[in-house]
Amino acid sequence: MNKAQVQAQMDLLRDKIREANYAYFTQNREVVPESVRDQLKQELIALETQHPDLITADSPTQRVGAALDSKLPKITHKNRKYSLGDAFNANELMEFDERVKKFLKVENLEYSCELKVDGLNITLWYESGKLVRAITRGDGFIGEDVTHSIRTCENLPLTLTSEVDLEVSGEVFIEKSDFEVLSRSTLITQSAEPKVDLEVVEEKKFANARNLAAGSVRQLDPKVAAERHLKIFLYELGDFSRSTLISQSDMLKVDLDSPKTQTDLFNFFEKLHLPHQPNTNFTLHNDIQSVIKFCDQWSNPKTRETLNYDIDGIVIKVHRLDYRQRLGHTAKTAKYAIAFKFPAEEKFTKLLDVQYQVGRTGAITPVAILDPVDLAGSTVARATLHNREEIERKGVKIGDQVIVRKAGDIIPEVLEPIIDLRTGDEKKIVFPSHCPECEVALDLEETVARCKNLDCPARHRQSLFYFANTLDIEGLGPKSIKAMLELNLIHTPSDFWQLKPLDLATVPGFKRKKIENLITALEAKKILTLAEIFTGLGIRLIGAENAKIFARYIREHLESPTLPALNQFLETFDAGALQDAFVHLDSVGEKVALAMSDYLKSDRTKKLFKDFESVNIELHWPEEIIDNNSIFTGKKFVITGSFETLSREEIKQMVTKGGGKILSAISGNADVLICGSKAGSKLKKAQDLGLAIWEEDKITDTKTSNDEAEGVLSLF
Ligand code: AMP
Ligand code: ZN
């Protein structure tokens, strides 16, 4: 054979293999027996071995490539990835239905339901019909590049039937039958240091198929992923365009109209040979009552047992994509979809003992040590008993048979003892009066017992771990941090950046590679947002959302957006005035405002931030990306009344991102009043002053028209 003939032969083999794989893995039918599929593959491998120059990256033989040598690269998503709101019962589904219909101003609405596959969310980029990148969801903005692992998904085409550019998302998972085999084999290696917050009850690393799938995808060596038989279902289309490079030889001219509904979307996927859930599990409903029935059917664990993959709910989506575009998103979730979560599972088992964990805020959590029991897809050996009062209220004793409940990702909990099963040998639980770590007397005044010792080694360790975990610094697990503390290598968070390779070499488990990786990981985290730092510091009552609100406020009061300016601010601010100002921020209550101003005024905090400055941490501000060409640009706004589809915080963000400013009160200084329903005196005052008055529609309209202008087909 001459070269051209070899090439033609290879093309033919590749097409045949792709076709057979698609039929087998995606359509569940065999066009050729498995032995023939194997033979075709062997022939192709033989030709490729003789002619390595003719191997193409998308050849079906090339799924398992070389291992990456360090961390997974970070990739910025083309379109923000959102998560889903939850519904736990029929009422919440009906509320969702009302909300959506009200917004769309329609009487009737069709919904599509899909099973909520319990796996790992992945976004794929195809260019000219070739798979070029696979990215984890990450924080919704930035994910990790896991192309090397995702290429091994058996049902995923590396080449589509048409040379299109597109962005699609879906779920990667491992089938139950594969998981069974894998968990019995020796393939599953426990990672050296599980990334579990000690405050959360620990569980085995790969307790279920979901964890195993997630662990496999993030492996550096694609061989590992290949052994795990990953599968993928796609359900969402981001960007889509025909490639400018459609070649003459694009034999399979596929008719690709832009999908208008979820049904169209799945047909569109089929034309491209992209895998999706079997049509039997995708249903269309004329109204919410029919949706509720469908959710009921699947709530029965017996129905779920018929599937070969785990699901943790039903995803309900508005069927029409143009409606979805109009509905848009809140800060975190899609407004046009909701996840119905199955009711929790309960079982009973024996309570063997109680241990007490000290959290980063000093909170003492009693943890039940249980006779291990299989529950909602994982083995549960520890469960929370919440706090001292709960133990008393439930009257649980050691040795009791107790009812344990677990729902989805929620930490398992002990509900109550089964009194009838008592033998008389049960022992009363004696709650400690002193901290199990530092032995200082506990504060037992409130519901949650607390160790108030700021120097408590447990609190200290937990805080440092929480910080490292929040900033997602790989290589700083609870064990390493414990060892570093014992070796006196670290005291405060900023010390992480002072760690030298020679010091690290003394920490058990730290070999050359691990040391290098940690140093690189730390270097990569030298530029942080203030909100990230606040969140990482684990300030009591301050979660990620509050941290953002405070960071934004403080930013507006800094001389310059730098850490030295922040430190100057911390030296000079008036704590009382700041607390007052905080209370006036939206969604900040008095307790939270007090917790934050107290935190900021403490000398420890001041020292902490000085230390960050001295190790050259730099601040960056995500809000800096400002559109100076919007309806908000250059204007000053006051907000009043209540809004149907946007939260105040969202409106504020839209204004600031659009280059406008928010004022808290009406004065001659303001330009526009953004006015919801039930507006009070502010509206009158604004009218008197002759300010422009904008209603909710005016800003929601800009939201959609902006999206359209960018040509973003933000479909689900
Ligand atoms: P949660 O993580 O509970 O907020 O649920 C949202 C996640 O459900 C998404 O990020 C997806 O990874 C996952 N999911 C599973 N199946 C589907 C589906 N058919 N449609 C949308 N999301 C799904
Ligand atoms: Zn203590």
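The values are calculated or read from the model by the stated rules, or taken from the named source; none is laboratory data. None of the values given here were measured: they were computed from a predicted structure. Note: ideal-geometry Cβ built from the backbone for every residue, glycine included; neighbour counts use all protein chains shown.
Here the helices (runs of 4 or more DSSP H) wholly within the stretch 565-658 that include at least 2 residues being out of contact with any Leu (no Cβ under 9 Å at 6 or more places or on another chain) and closer than 28 Å to Gly690 by Cα are 648-657.
Among the residues of the stretch 134-142, are any at pLDDT 95 or above and surrounded by fewer than 20 Cβ atoms within 10 Å (Cβ to Cβ)? No, the stretch 134-142 has no match at all. Inclusion of Thr492 among residues that are in the same structural domain as Gly477 (by TED's automatic domain parsing) and either in contact with a Pro (Cβ under 7 Å, 6 or more places away or on another chain) or surrounded by 15 or more Cβ atoms within 10 Å (Cβ to Cβ) (or both) is warranted. The helices (runs of 4 or more DSSP H) located wholly in the stretch 266-350 that include 3 or more residues which are exposed (fewer than 15 other Cβ atoms within 10 Å of the Cβ) and in the same structural domain as Leu160 (by TED's automatic domain parsing) occupy 288-299, 301-305. Scanning the stretch 408-450 for residues that are under 21 Å from Thr361 (Cα atoms), surrounded by fewer than 14 Cβ atoms within 10 Å (Cβ to Cβ) and within 16 Å of ligand 1 (Cβ to nearest atom) turns up just one, Ile410. When Thr333, Thr361, Thr349 are screened for being in contact with a Ser or Thr (Cβ under 6 Å, 6 or more places away or on another chain) and of a type outside the set (Asp, Glu), only Thr333 passes. Filtering the stretch 639-681 to residues that are within 21 Å of Arg552 (Cβ to Cβ) and touching a Cys at 6+ places or on another chain (Cβ under 9 Å) leaves Ile639, Thr640. For the stretch 256-263, the criterion of being touching a strand residue (DSSP E or B) at 6+ places or on another chain (Cβ under 6 Å) and farther than 30 Å from Leu385 by Cα is met by at least one residue.
Scanning the stretch 505-515 for residues that are within 14 Å of Leu476 (Cβ to Cβ) and among the charged types (D, E, K, R) yields a single hit, Lys514.
For the stretch 651-664, does any single residue satisfy the condition of being charged (D, E, K, R), farther than 22 Å from Ser560 by Cβ, buried (at least 17 other Cβ atoms within 10 Å of the Cβ) and not assigned by TED's automatic domain parsing to the domain that holds Ser494? Spell out how you get there, then give the answer.
Quick first cut of the stretch 651-664, residues charged (D, E, K, R) only: 652, 657, 661.
Right, trim to farther than 22 Å from Ser560 by Cβ and you get 652.
This time we only want the ones that are buried (at least 17 other Cβ atoms within 10 Å of the Cβ), so: 652.
Add one more test, that the residue is not assigned by TED's automatic domain parsing to the domain that holds Ser494, and what stays is 652.
Yes: the stretch 651-664 contains one or more residues that are charged (D, E, K, R), farther than 22 Å from Ser560 by Cβ, buried (at least 17 other Cβ atoms within 10 Å of the Cβ) and not assigned by TED's automatic domain parsing to the domain that holds Ser494.
Phe582 satisfies every condition listed in (1) among the aromatic types (Phe, Trp, Tyr); (2) farther than 25 Å from Ile527 by Cβ; (3) at pLDDT 95 or above except (3).
Condition check ((1) in contact (Cβ under 8 Å) with a residue 40 or more places away in the chain; (2) more than 30 Å from Glu98 (Cβ to Cβ)) across all residues:
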position: Arg326; (1), (2): yes, no
position: Ala331; (1), (2): yes, no
position: Glu346; (1), (2): yes, yes
position: Lys350; (1), (2): yes, yes
position: Tyr356; (1), (2): yes, yes
position: Asp371; (1), (2): no, yes
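In the set Leu530, Leu518, Leu499, only one residue is in contact with a strand residue (DSSP E or B) (Cβ under 9 Å, 6 or more places away or on another chain), closer than 30 Å to Lys479 by Cα and surrounded by 15 or more Cβ atoms within 10 Å (Cβ to Cβ); that residue is Leu530. I'm told Thr572 meets every condition in (1) among the β-branched types (Val, Ile, Thr); (2) over 17 Å from Ala468 (Cα atoms); (3) over 29 Å from the mean Cα position of the chain (by Cα); (4) surrounded by 14 or more Cβ atoms within 10 Å (Cβ to Cβ) except one. Can you identify the failing condition by its number? So the condition that Thr572 fails would be (4). With the structure loaded, tell me whether Leu566 is under 26 Å from Leu454 (Cβ atoms) and either surrounded by fewer than 20 Cβ atoms within 10 Å (Cβ to Cβ) or among the hydroxyl-bearing types (Ser, Thr, Tyr) (or both) or whether it fails that test. Spelling it out, it is not the case that Leu566 is under 26 Å from Leu454 (Cβ atoms) and either surrounded by fewer than 20 Cβ atoms within 10 Å (Cβ to Cβ) or among the hydroxyl-bearing types (Ser, Thr, Tyr) (or both). Glu144 meets the conditions (1) more than 16 Å from ligand 1 (Cβ to nearest atom); (2) closer than 17 Å to Thr76 by Cα; (3) not hydrophobic (A, V, I, L, M, F, W, C) in every case but one. The failed one is (1). The stretch 425-533 holds helices (runs of 4 or more DSSP H) entirely within its bounds, and those carrying 1 or more residues that are away from ligand 2 (no atom under 16 Å from the Cβ) and aromatic (Phe, Trp, Tyr) map to 457-470.
Between Lys302, Lys293, the distinction of being among the basic types (Lys, Arg) and at pLDDT 95 or above belongs to Lys293 only.
Sub-8 Å Cβ pairs linking a first residue in the stretch 424-449 that is within 15 Å of Gln357 (Cβ to Cβ) to a second residue that is within 15 Å of ligand 2 (Cβ to nearest atom) and among the polar types (S, T, N, Q), at least 6 apart or interchain, are Cys435/Asn453; Cys438/Asn453; Leu442/Ser433, ordered by first then second residue. Test Thr61 against the stated conditions and say whether it is buried (at least 16 other Cβ atoms within 10 Å of the Cβ) and β-branched (Val, Ile, Thr). Yes: the conditions hold for Thr61. Taken together, the residues in the stretch 339-362 that are within 16 Å of ligand 1 (Cβ to nearest atom), at pLDDT 90 or above and out of contact with any Asp or Glu (no Cβ under 9 Å at 6 or more places or on another chain) amount to 0.
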